[in-house]
Each structure stands twice: as structure tokens, then as C-alpha cells.
Amino acid sequence: MKYQIILLLLAIWSISLEAQDTLNQKRERLDFAKNYFEIGGSFQPSFTGKYLKNGTVTDYENSAGVVQYLNWGGFHFWGHGEFFITFPLNYLAFKKNEETSSQLLHSVVTGARFYPWRYKEKRITPYGGVNWSAVDFKQVVTPEDHHPSLSKDFMVGLDAGVLYGYKNFSLRLGASYLPNTSWEYPISKTQKATVKTPDFSIQLGLMYSMDMTKSTEEANIEKWNDYPTVSKHALGKSSFGNFFIGAGPSISFSLKKSAYNQSELPYLNERLASSNYFDIAAGYTFNKAGMFTSISFRNPKFETEGFGMTQTIKKTSVLLEVNKFLIDYSGFTPYLGINLAYDRIKYSEVDEDTSRALNFQEFEPGVTLGWDILPGKSQEALILRTNLRWYPLSSFEVDGFKFDFSQLEYNLIQVVFYPERLKKKVM
């Protein structure tokens, strides 16, 4: 409850300051959003790990270290908001230990930061924010590195910091807080120990921003800026519809714990997260109706391992979806829809002595929520799309135990291309 109160107060404060900051400022539609890449490091303090030595639970000290990261995101709402995703690259410990160490990687599935004073270059701009995070934790004990890598996929964290910008570059100094950093970590197949990892980190990053609309023709800039701040997707002259193709990086999460893993493989992850994969789509946008339909292909892979056992789930999925645009807020155009996916699932277990594989096929209904960034509405050949798909009913059985595989698929930034619109521009 305390997080909701903090966010509510922050939102009220932001709205108040935003009104003051923009009282006499003309907000142009093409200044609504700007994309960026950021490279940086996140400092993590030392903590105590635990392992089994000669049958006794033994403590060891993990050195402080730095996680190198890559952020991909964008500024929205005229510099008052920021959406982003974090990819951890590598963990560098300040002090090496040849016998015992840990790997702690924090990736942000998605996050939002709020700037009470809108971001401008040549001034220090403070921010506060919230993120939905995934944390991977593994203890490494030599000579046998067989401990499992555990994940927490639905951690809500808080951000605060400042930016200083010059032209297209910005320097970030920030801090993050994560609650619930206590792990019941398997130190053997039958025994667990409580390990407390750091609940805060400090970031230093260098950002490069780019505005994809700066090359837009002057005639379109004037016309697009005349659109009302709040309007319909189909406002203005537009064709009946256009075909599109799109692709973008995605990640998937299991929403519930696996009863099978809890009972039969308690030393492995109970909820699985996929590695990164591409969402590839083709479809048709009905411009005047303000809706689109598409066919998408995804092939996420989920894997967890420990103490010689490797559990792998490979999903090959094709879906048909229909989505309706809800509103256009200065180019920010959210949509809601339904989808039906055909999934082929290959499940396997491999350990030192045995292996087995199971196959499942099923149709899965789902819900889609997302948004497009549309400065030029239906006149742009290249746009950016974000979508979130929810499959609450997906599951299968292994040895009579339910393996709940309800999924949340998150596609942060998908590049969508309309060939017909580009052809019209050229002609």
C-alpha cells in the first residue's frame, strides 16, 4: 500500500509542476516522443551467501560489483515521462574469489520514470519512477558449479535520480530500490538456506537520444501539429487500410508456480522466464475503422537447471489477433484486443543418467493490450508499437502434476513497416 501512496503523491506533484512548467509553452505533436539507447553500470554492494561444506551450512562473503547494462527506451509526454527496458550484459566483481562467488543480474522488464520538470538539455533534471523487474541469482561454488539459477520475475522497484543533457547525449546518476530480496536458495537437492541479496543499487549511464520525426517534411509537420491533442485514430483523410509487417524483441513469463516442480524438482525454478526472442508479425490496419488484425509468430525458450538436471520448454506459437484503437493522445495511441494462439510445446528433462521428452499441442485464447506511437496517424510508413499479451489458461500435465504455463508475453518496441504508405510518399 505504501508504494501506491508514494506513486499517487508523485503523480499529483508532477501534474502540478507540469502545469507551471508548460503554462506558456506550445506543445507540438512531433515533440511528444523521442527514443534513446543507454550504456552504463549498476553498482551493487557486498552480501553474504551460503553453501553446504562437509554437511554444514557455511557463510561466505560476496564482493561488491558492477553490472554493465544496456537500456532501450524513450521519452514521452513532452519530456515528462520515460519508458524503458534494461538488458544486463555482464557482472564484474571488485574482488575475485576462486572458490565461492555469486551472479546477480537485475533486468527491468519495463519501467516508467516521471519528470516533474520536463527534461531539457543543459540543466539537471530530477526524476522518480517505478519498474517491473526480473532478478536472476546463482551461487557459484567450485569445483562443481552445479547450483541452480533462480529468478524472481515480478518484483516492483522504485527509481530516483537526475539527468544532465547536452544535445543528443545525457548523463544519468540514479538509484534503485528492490523489496523482497530474500531467497530460499537450494544448497542441495533436499536442503535450502535463506540468502539476502542487496535491496538497492546505484546507476551511472550515458544516453544517446534520437528523434525519428525530425526528417519529416515541413508540410506534414504543420499539418500533424494541427491535430487536436485528443482525437480519434481515423481523424483526417486516410485510405481504407494498409498492409504491414513488423518485428521486435520480446520476453515471456510464467504467471503461476509449477505444481510439478514444487513436488518433484524443488531445487529448480517454480516459475519460468524465457530468453529473448523475436515477435514477427504481418497484418492489415483498417484506418477508418481504427483497428487492425495480424498474424504473429513467436518461439520462446524456457530453461532452468541445477544439480545436474536441465528442464527445457520450447514453445512454437502462431496467433491471430484483432485489436481496436481506443484514443489518440498526441500520437500515443493505446489499443485493446483479443487473440487466439496455436501452440506446440516441447518439454524435456535431462540429467546425468536419464532423459525424456513430451509434446503438447493446444489452442490458447488471450488478451492483447498495447499502444502505437503515431505522430502522423495513418500516413507514416514506419511506426513503433508496444504490446502485452496475456494467456491465463495455458497448462499441461507431467506425471499427473499440473504444470501451469499461463503466460505474459511482453514486446517492448516492435518496428512496424507499411510498404504501401512508403510507395505513396515516393510517388
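Bear in mind these aren't lab numbers, they're just calculated from the coordinates by the rules spelled out. Because the structure is a prediction, the values reported are computed rather than measured. So basically every Cβ, Gly included, is an ideal-geometry build from the backbone, and we count neighbours across all protein chains shown.
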In the structure displayed, which of Lys189/Lys257; Lys346/Lys402; Lys257/Lys314; Lys189/Lys314; Lys53/Lys192; Lys324/Lys423 lie more than 20 Å apart, Cα to Cα? Lys189/Lys314; Lys324/Lys423
Per DSSP H run of n ≥ 4, the term is -39500 (n - 2.57); total these for the chain, divide by its residue number, and report the mean residue ellipticity at 222 nm rounded to 500 deg cm²/dmol. -3000 deg cm²/dmol
16 Å reach of a label modelled at Phe43, 7 Å along Cα-to-Cβ, counting backbone N of the range 151-180: 160-162, 172-177
With bins of 20 Å, the percent of all Cα-Cα pairs of the chain per bin from 0 is 23, 52, 23, 2
Checking the range 158-200 for trypsin sites (Lys or Arg not before Pro) in a loop per DSSP with at most 15 other beta-carbon atoms within 10 Å yields Lys167, Lys189
Taking the Cα centre of each part, how many Å lie between the range 281-331 and the range 239-279? 10
Could you work out the longest stretch of the chain that avoids the chymotrypsin sites (Phe, Trp or Tyr not before Pro) located in DSSP loops with at most 15 other Cβ atoms within 10 Å? 241-427
Spelling out what I want: for every residue of the range 337-354, take phi, set θ = phi - 60°, compute 6.51 cos²θ - 1.76 cosθ + 1.60 (Karplus), and round to whole Hz; glycine and proline get x. x, 10, 8, 9, 10, 9, 10, 10, 10, 10, 10, 9, 10, 9, 10, 5, 10, 9
Calculated FRET efficiency for the pair Asn35/Thr293, C-beta based, R₀ 30 Å, to 0.05: 0.65
The set of residues whose placed amide H lies less than 5 Å from the amide H of Phe47, leaving out same-chain residues fewer than 5 positions away, is Asn62
Taking 0.36 nm per residue of sequence separation and subtracting the Cα-Cα distance, how much length would be gained by fully extending the chain between Phe278 and Phe240, in nm to one decimal? 10.7 nm
Span-like helix ranges in the chain, DSSP H, alpha carbon extent 20 angstrom or more, Kyte mean at least -1.0: 2-21
